[in-house]
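The values are calculated or read from the model by the stated rules, or taken from the named source; none is laboratory data. Please read all numbers here as calculations on a predicted model, not as lab measurements. Here the Cβ positions follow ideal geometry from the backbone for every residue, glycine too, while neighbour counts run over all protein chains shown.
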Amino acid sequence: MALPYHVLKVCDGIVFAARGSSIHSFDSSFNPISVWKYPVKQQETNGEKAESETPAPTVEAEESPAPEGPPAKKRKVEDGEVAAVTEESKEESKEETTEGQTETKTEGQTQEVNRRSRRQKQKQKTEGGWAKNNKAVLEKPFVQGMYLTTDGRHLVAITGSDKTIWVFEHDGAGNLKQLSQRAMPKRPCALALTPDNKTILSADKFGDVFSLPLLFTPSEPTAAAAAAATTSEVATPEPTPSAPATPAVPTPPTTDVAKAQSLSVKPQANELTVHTLRNLKALENQKRHLARQKAAKLAAALQASQFEHTLQLGHVSMLTSVAVAVHPGHPGRTYIITADRDEHIRVSRGIPQAHVIESFLLGHDEFVSRVCIPEKRGDVLISGGGDDDLFVWDWVSGKLLGKAPVLVEVKKALAPEEAEKVTKVAVTRIFDVQQGEKTQIFVICERIPLLLIYTLTSANTLQHTQTLSLLGNPLDVEYLKAESKLLVSIDPNTSSETQEEEANNGGVSSILALSFDDSESSWKVTTGGLKVTEAAEDESSLTPQDLQKLLYTTESLRKTNKDDE
């Protein structure tokens, strides 16, 4: 299993390629320049270290707790009652012995079942490669997207599970310097930059679009937030009946901190209501877990309060794409175009009037995953997603100009037995390239090893011109203007190259280079691409199933039951 370069971004003659949680930079000949690696904290927290060093209590060696309270009173027995009492005591002892054996047997069976279950889970984790590296994988989220400013001086990236936006300074030679990292309230799914290169628009999976400055100086947390954080890190003892707790009058914390504190849950039991040794240990573990959970939420709230992020607009559905457009007749007017899972495309005014809706582009029957505004045709918007066609819009007036088939062209290019299996498509990338006076649109779909090429005509319609077969499933598309080459990253695990070809070529292809043949007016795969020759750090901790879930996420946006809407 090889980890591919799944996200591409080109700046003049520099190629940035994300591979797992790292960002690699290459020159136009794919010679490596530098690598940025996701920073991972190696140290353990005190609570985790204490748990790892504390052995699990064994039930077999556990002694029953001593009886609490005064011993039972003895009753004086007459001589005639001695025999009856003796018989009763024998029967009671016999019944107690039988019950004890039954309870012991039941406990033994339960322990054996639990032991087998633990062994089975451990075996599954070991076979999947997650036994030792699960924590490392979670601490190194994949890069989900990269975005460049128009001047090429800054690169912005987003990582998935940690909900973080990273800003890098680019020196123009392929070297990146990390300037900031900001954890957003919700996971970002797409970003866009304003034309002045000063503001980032972050669209998240809860339907909100936040604006935040590209460059910022981290501010110190407020005194109230710092006091709240200090107070939360110290465990508050439970009040005893003899000494009732006296509530202090703290400084009112910030909104985020107060919300994080209100989310904490206290255990219902305490040391006064729990008596057995096993339950006491369970109560201690529960308290430690709740304390770590509360500290993590509070730390996230404190970090979020240290940088400016303003809510600009919101949808009632998960956002999938965001773009910034400039009015063709009024260059000073900007608009924010957002697409969501509920087949909506919304055109809103730019900042600071993003709450004003200009129009909706309605017509999709399935989710909208990508929108594209060609560089030289700013009045046209092309959208695609789970539908069988691409949609061409006049976004200024909100009119649908036409459609272009996708599923039909895919079926034509595939073999008959493969075409029968394809009943739907999920567009993952729409990319435009300007060649002289001609605007070409490149489209890739999830798990389909084809590159669809269209031409945007002067009548604002899409005309299909070519379908190019690839060695594997495409993941991203970029244009290297310095070499006049189109770069397509593919999943090497789905490559059609044989092992002998891979050995002769020095590795499996991960980025293909395409050039335009003027004599035949078509694109062709050329030499000079990038091959995967060495394993990435994240490969050993990922199973093929986990890699599939990380690389192919667009089809999961499709609703399985429309009646639930």
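Please enumerate the residues belonging to the stretch 449-469 that are buried (at least 21 other Cβ atoms within 10 Å of the Cβ) and either modelled with pLDDT under 95 or part of a loop (DSSP other than H, G, I, E, B) (or both).
Result: 449, single match.
Would a scan of the stretch 259-268 turn up a residue that is touching a Leu at 6+ places or on another chain (Cβ under 8 Å), surrounded by 18 or more Cβ atoms within 10 Å (Cβ to Cβ) and at pLDDT below 55?
Yes, the stretch 259-268 contains at least one residue that is touching a Leu at 6+ places or on another chain (Cβ under 8 Å), surrounded by 18 or more Cβ atoms within 10 Å (Cβ to Cβ) and at pLDDT below 55.
Hey, could you check the stretch 384-402 for residues that are among the acidic types (Asp, Glu) and without any contact (Cβ under 8 Å) to a residue 40 or more places away in the chain and say which is farthest from residue 336 (Cα to Cα)?
388
On the basis of being among the acidic types (Asp, Glu) and either touching a Phe, Trp or Tyr at 6+ places or on another chain (Cβ under 8 Å) or at positive phi (or both), does residue 388 make the cut?
no
Test of understanding: among 326, 396, 356, 371, which residue is among the aliphatic types (A, V, I, L, M), over 18 Å from residue 199 (Cβ atoms) and surrounded by fewer than 21 Cβ atoms within 10 Å (Cβ to Cβ)?
396
Could you list all residues from the stretch 534-565 that are modelled with pLDDT of 65 or more, part of a helix (DSSP H, G or I) and farther than 22 Å from residue 449 by Cβ?
Passing the criteria: only 541.
Could you please find all residues in the stretch 11-45 being surrounded by fewer than 20 Cβ atoms within 10 Å (Cβ to Cβ), among the aliphatic types (A, V, I, L, M) and either modelled with pLDDT of 95 or more or farther than 23 Å from residue 181 by Cβ (or both)?
33, 35
Got a sec? Which strands (runs of 3 or more DSSP E) wholly within the stretch 282-354 have at least 1 residues that are of a type in the set (S, T, N, Q), more than 25 Å from residue 162 (Cβ to Cβ) and touching a residue at least 40 places away in the same chain (Cβ under 8 Å)?
334-340
Which residue out of 389, 491 is modelled with pLDDT of 95 or more and acidic (Asp, Glu)?
389
For the stretch 158-192, give me each residue that is part of a strand (DSSP E or B), touching a His at 6+ places or on another chain (Cβ under 9 Å) and not β-branched (Val, Ile, Thr).
168, 169, 170, 176, 177, 179, 182
For the stretch 144-177, how many residues meet the condition of being in contact with a strand residue (DSSP E or B) (Cβ under 7 Å, 6 or more places away or on another chain) and within 16 Å of residue 215 (Cβ to Cβ)?
Adding up the residues that qualify gives 17.
Among the residues that make up the stretch 402-410, is at least one of them acidic (Asp, Glu), crowded, with 17+ Cβ neighbours inside 10 Å, modelled with pLDDT of 95 or more and part of a helix (DSSP H, G or I)?
Yes: one or more hits.
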